[in-house]
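Below: the structure, in structure tokens.
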Amino acid sequence: MLDADATGVVVPPPIYHAQVRHPPRAPRVRRVQAMRFRRGAELLLVLLAAIAGVLLLTRIFSAVEAPPPDMGRVVNLLDRDWLRAQANAPTLARAANAAFIDDPFIQPVEAPPITAASAMIVDLGQRTILFGRDVHEPHAPASLAKLATAVVALEQAPADIRIQVPEAAAEQPPNVVGLVPGEVLTLQDLLFAMLLPSANDAAVTVADGIGGEAYTVAQMNDLARRLGLNHTTFANSVGYDAPDHQSTAFEMAVLAADAIERFPLIARIVSTRAYVIPAGPAHGSYTASNLNGLLWSYQGALGVKTGRTKDAGGNIIAAAERDGRRLMVVILGSSQRERDAGVLLDFGFQLLNAQG
């Protein structure tokens, strides 16, 4: 309400009253602008911090040198220097040691009566050694070497490949099945002839068919290195005595286990008593009988391979299964190989029964 003086003239209220009643709008506008400025500044700081973080991470990652590209590495397995360098490699040593280990729960008090110079019993299921005699002593393997010939042949070629009998087959001493040069047989039929009657003419034919004798022997020695058989060397595909043709009971056990476990065809062949190769358009008929007499005389016998030479004496690798447990024995340098093998198999199953 307006005030009046003594003369009746209306006097407007003081200016400061108007300011109180109607405060100016300019300060609030400035506050809003200030708030907007602060918010903008905060957003700018956040944006700058994010940019700085990205630049920092980029600098960190750029400081780490990228690994060189994998150019690959090719190793010639026939390079003898490379084989010698790898002979004692830790991985190969572990492979050999892991093949079979001593059974901590079986400690035979007395050794079984055998004539073998070197012998071994292994539990194939548990990968344990139940008994051993000079298992790392080198011996001539004789025709046990044909297991390595069979393995490398099946690594190189399918079982149904057709192989022509070379002239050298007719020059081999017994055991032979009488292959005629120029005949053509499948690798499978040749393996039956090579592993059952231990036919030398079949072994020479197999080696010739997969690349020649020298190549086959190189592959056999490569197989030995791959299996960690550092005391095994092969000089020929047949098993003839030679200064650098030797192995041990332990390493023959590793080789045999690899052959029958990795190649079902080999396991089937070595467990066969007799096999007839019927005559075909390119070859005559042949009968192959297994030299492992345990297949007829020992309950649960499964094979595996026999061998005999002047230097080796009587050798045999024999396996058998009873009550779901499979045992394998290796006999080297025996005068009664089948008897020794039967005694060791009986002894091994007795140990398992006693263990429970």
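The values are calculated or read from the model by the stated rules, or taken from the named source; none is laboratory data. If you're wondering where the values come from, they're calculated on a predicted model, not measured in any experiment. A quick note on method: Cβ atoms are made from the backbone with ideal geometry, for glycine too, and the neighbour counts reach across all protein chains shown.
Are there any pairs, at least 6 apart or on different chains, whose C-beta atoms fall under 6 Å, with the first in region 269-290 and of a type in the set (Lys, Arg) and the second part of a loop (DSSP other than H, G, I, E, B) and surrounded by 13 or more Cβ atoms within 10 Å (Cβ to Cβ), and if so, which?
Every condition considered, the pairs that remain are Arg273/Asn290.
Residue check, Val276 against (1) over 18 Å from Thr149 (Cα atoms); (2) touching a Pro at 6+ places or on another chain (Cβ under 8 Å), all met but one. Which one?
Result: Val276 fails condition (2) only.
Would you say Ala253 is in contact (Cβ under 8 Å) with a residue 24 or more places away in the chain, hydrophobic (A, V, I, L, M, F, W, C) and under 18 Å from Leu196 (Cα atoms)?
no
With respect to Arg268, is the statement that it is of a type in the set (D, E, K, R), under 30 Å from Val184 (Cβ atoms) and within 25 Å of the chain's Cα centre (by Cα) true?
yes
Out of curiosity, is Ala214 under 24 Å from Glu171 (Cα atoms) and surrounded by fewer than 16 Cβ atoms within 10 Å (Cβ to Cβ)?
It is true that Ala214 is under 24 Å from Glu171 (Cα atoms) and surrounded by fewer than 16 Cβ atoms within 10 Å (Cβ to Cβ).
What number of residues within region 119-150 are surrounded by fewer than 17 Cβ atoms within 10 Å (Cβ to Cβ), at pLDDT 95 or above and either under 17 Å from Leu345 (Cα atoms) or among the acidic types (Asp, Glu) (or both)?
1
In the set Leu147, Leu187, which member is under 18 Å from Asp241 (Cα atoms), of a type outside the set (Asp, Glu) and out of contact with any Phe, Trp or Tyr (no Cβ under 8 Å at 6 or more places or on another chain)?
Checking each option against the conditions leaves just Leu147.
Need a quick list: helices (runs of 4 or more DSSP H) entirely within region 240-356 having at least 3 residues that are modelled with pLDDT under 95 and surrounded by fewer than 18 Cβ atoms within 10 Å (Cβ to Cβ).
337-355
Counting only residues that are in a loop (DSSP other than H, G, I, E, B) and more than 24 Å from the chain's Cα centre (by Cα), how many does region 212-239 have?
Total meeting the criteria: 5.
Which of the residues spanning region 129-156 are touching a helix residue (DSSP H, G or I) at 6+ places or on another chain (Cβ under 6 Å) and farther than 23 Å from Gly209 by Cβ?
Answer for region 129-156, where residues must be touching a helix residue (DSSP H, G or I) at 6+ places or on another chain (Cβ under 6 Å) and farther than 23 Å from Gly209 by Cβ: Leu130, Val135, His136.
Across region 102-116, what is the total count of residues that are surrounded by fewer than 19 Cβ atoms within 10 Å (Cβ to Cβ) and either among the hydrophobic types (A, V, I, L, M, F, W, C) or closer than 17 Å to Leu229 by Cα (or both)?
4
Is it the case, given these coordinates, that Ala199 is surrounded by 21 or more Cβ atoms within 10 Å (Cβ to Cβ) and either among the aromatic types (Phe, Trp, Tyr) or modelled with pLDDT of 95 or more (or both)?
Yes: the conditions hold for Ala199.
Within region 162-185, can one find any residue that is part of a helix (DSSP H, G or I) and closer than 23 Å to Met328 by Cα?
The answer is no; no qualifying residue exists.
Considering Ala116, Ala153, which residue is modelled with pLDDT of 95 or more and assigned to a loop (DSSP other than H, G, I, E, B)?
Residue meeting the stated conditions: Ala116.
Please specify each residue of region 141-170 satisfying the condition of being among the hydrophobic types (A, V, I, L, M, F, W, C), over 19 Å from Asn292 (Cα atoms) and touching a strand residue (DSSP E or B) at 6+ places or on another chain (Cβ under 8 Å).
Passing the criteria: Ala159, Ile161, Ile163, Val165.
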